[in-house]
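**Student:** Quick one: this structure, given as structure tokens, is what I'll be asking you about.
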Amino acid sequence: MLVHVLAILAGTVQVLGFIVYFKNVRASQTQPNTSAWLLWVLIGTVNAASYYSMPQVDWVKACVAIVNALCCVSFATYALAKGKFSRLSAFEWTATLIGIAAIACWYATNNAQVGNTTLQGAYLLSFAPLYASLWRSPQRERPLSWLLWTTSHLIGVCVVIIAWNGHLLDLLYSGMQVPLDLGVILLARRKKA
């Protein structure tokens, strides 16, 4: 019972983060990184789909990934329609193409576990363009939505631990997202010298 409540809480906090982010973008207080969001839509959708391909789907553990993918697609559709994205730099194109190659790896192996692991590597890479843009301009992101997403992923880690079945791979998605999201918070709060 507790694990279900925590999964719902994690999904709710994830949605709240997107609501805050959406409002910040609408108010021009946040400038979304095109490459990162493009990759998050692609990787997030495939990552959520990979849970369906696992031998036994655990909806409680998949909740955050599925909610995240749906929200990423919704936000990116809005940002694209409203012209909130900018052109990709050469570095961002490279990161995007490597992320797409990771997705192709999952399809090539037809193995959900290999694919899910590869996708987490692509997630890691997807933050590089965002970190680079924040290093140049910390004001491009506001930290509150990232704090909510970090909290959601921390709750996701708790869900996996409470519902532990011995699969370390279950910890990979939320466990990796926590430090990645914290990195955005730290960079966004950094004062440019």
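The values are calculated or read from the model by the stated rules, or taken from the named source; none is laboratory data. In this text the structure is predicted, and so the values were computed from the model without any measurement. Glycine gets a Cβ as well: all are built from the backbone with ideal geometry, and neighbour counts include every protein chain shown. These accessible areas exclude ligands, DNA and RNA; they are computed on the full protein's heavy atoms, side chains included. Shrake-Rupley method; radii C 1.70, N 1.55, O 1.52, S 1.80 Å.
**Student:** Identify all residues within the stretch 112-155 that are open to solvent by 30 Å² or more (accessible area, probe 1.4 Å), of a type in the set (Ser, Thr, Tyr) and within 20 Å of residue 47 (Cα to Cα); write none if there are none.
**Tutor:** 117, 118, 151
**Student:** Going residue by residue through the stretch 124-139, is there one that turns out to be under 17 Å from residue 48 (Cα atoms), touching a residue at least 12 places away in the same chain (Cβ under 8 Å), touching a Leu at 6+ places or on another chain (Cβ under 9 Å) and not acidic (Asp, Glu)? It would help to see each step written out before you state the result.
**Tutor:** In the first step, residues of the stretch 124-139 are kept if they are under 17 Å from residue 48 (Cα atoms); the result is 124, 126.
Now narrow it down to the ones that are touching a residue at least 12 places away in the same chain (Cβ under 8 Å): 124, 126.
Restricting the remaining residues to those that are touching a Leu at 6+ places or on another chain (Cβ under 9 Å) gives 124, 126.
Checking which are not acidic (Asp, Glu) leaves us with 124, 126.
Yes, some residue in the stretch 124-139 is under 17 Å from residue 48 (Cα atoms), touching a residue at least 12 places away in the same chain (Cβ under 8 Å), touching a Leu at 6+ places or on another chain (Cβ under 9 Å) and not acidic (Asp, Glu).
**Student:** Quick check on this structure: which one of 112, 79, 108 is at pLDDT below 85 and either out of contact with any helix residue (DSSP H, G or I) (no Cβ under 6 Å at 6 or more places or on another chain) or not aromatic (Phe, Trp, Tyr) (or both)? Explain how you work it out, then say what you get.
**Tutor:** On the way: 79 fails: at pLDDT below 85; 108 fails: at pLDDT below 85.
When all the criteria are applied, what remains is 112.
**Student:** Is there a residue in the stretch 112-124 that is under 22 Å from residue 29 (Cβ atoms) and either of a type outside the set (A, V, I, L, M) or touching a strand residue (DSSP E or B) at 6+ places or on another chain (Cβ under 8 Å) (or both)?
**Tutor:** Kept after step one, since they are under 22 Å from residue 29 (Cβ atoms), are these residues of the stretch 112-124: none.
No, the stretch 112-124 contains no residue that is under 22 Å from residue 29 (Cβ atoms) and either of a type outside the set (A, V, I, L, M) or touching a strand residue (DSSP E or B) at 6+ places or on another chain (Cβ under 8 Å) (or both).
**Student:** Right, residue 8: closer than 21 Å to residue 178 by Cβ and within 12 Å of the chain's Cα centre (by Cα) or not? Break it down into steps so the answer makes sense when it comes.
**Tutor:** On the way: closer than 21 Å to residue 178 by Cβ: yes; within 12 Å of the chain's Cα centre (by Cα): no.
No.
**Student:** Exactly one of (1) in contact with an Asp or Glu (Cβ under 9 Å, 6 or more places away or on another chain); (2) among the aliphatic types (A, V, I, L, M); (3) farther than 23 Å from residue 14 by Cα is unmet by residue 97. Its number?
**Tutor:** (1)
**Student:** Look through 35, 86, 74 and report the one residue that is part of a helix (DSSP H, G or I), touching a residue at least 40 places away in the same chain (Cβ under 8 Å), of a type in the set (Gly, Ala, Ser) and open to solvent by 50 Å² or more (accessible area, probe 1.4 Å).
**Tutor:** Going through 35, 86, 74 in turn, just one is part of a helix (DSSP H, G or I), touching a residue at least 40 places away in the same chain (Cβ under 8 Å), of a type in the set (Gly, Ala, Ser) and open to solvent by 50 Å² or more (accessible area, probe 1.4 Å): 74.
**Student:** Related question: Which of the residues belonging to the stretch 164-182 are of a type in the set (S, T, N, Q), under 12 Å from the mean Cα position of the chain (by Cα) and either more than 12 Å from residue 61 (Cα to Cα) or not in a helix (DSSP H, G or I) (or both)?
**Tutor:** Kept after step one, since they are of a type in the set (S, T, N, Q), are these residues of the stretch 164-182: 165, 174, 177.
Adding the requirement that they be under 12 Å from the mean Cα position of the chain (by Cα) leaves 174, 177.
Once the filter is applied, which keeps residues that are of a type in the set (S, T, N, Q), under 12 Å from the mean Cα position of the chain (by Cα) and either more than 12 Å from residue 61 (Cα to Cα) or not in a helix (DSSP H, G or I) (or both), the stretch 164-182 yields only 177.
**Student:** Within the stretch 165-193, take every residue that is at pLDDT 90 or above and out of contact with any helix residue (DSSP H, G or I) (no Cβ under 8 Å at 6 or more places or on another chain) and give me the one that is most open to solvent (accessible area, probe 1.4 Å).
**Tutor:** Out of the qualifying residues, it is 186.
**Student:** Would you mind stating whether residue 155 is more than 26 Å from residue 21 (Cα to Cα), hydrophobic (A, V, I, L, M, F, W, C) and part of a helix (DSSP H, G or I)?
**Tutor:** Against the criterion (more than 26 Å from residue 21 (Cα to Cα), hydrophobic (A, V, I, L, M, F, W, C) and part of a helix (DSSP H, G or I)), residue 155 does not qualify.
**Student:** Within the stretch 42-62, does at least one residue satisfy the condition of being farther than 19 Å from residue 115 by Cα, part of a helix (DSSP H, G or I), of a type outside the set (Gly, Ala, Ser) and modelled with pLDDT of 90 or more?
**Tutor:** no
**Student:** Turning to a different aspect of this structure: Which of the following residues is without any contact (Cβ under 8 Å) to a residue 12 or more places away in the chain and either over 16 Å from residue 34 (Cα atoms) or aliphatic (A, V, I, L, M) (or both): 68, 116, 110?
**Tutor:** The conditions single out 110.
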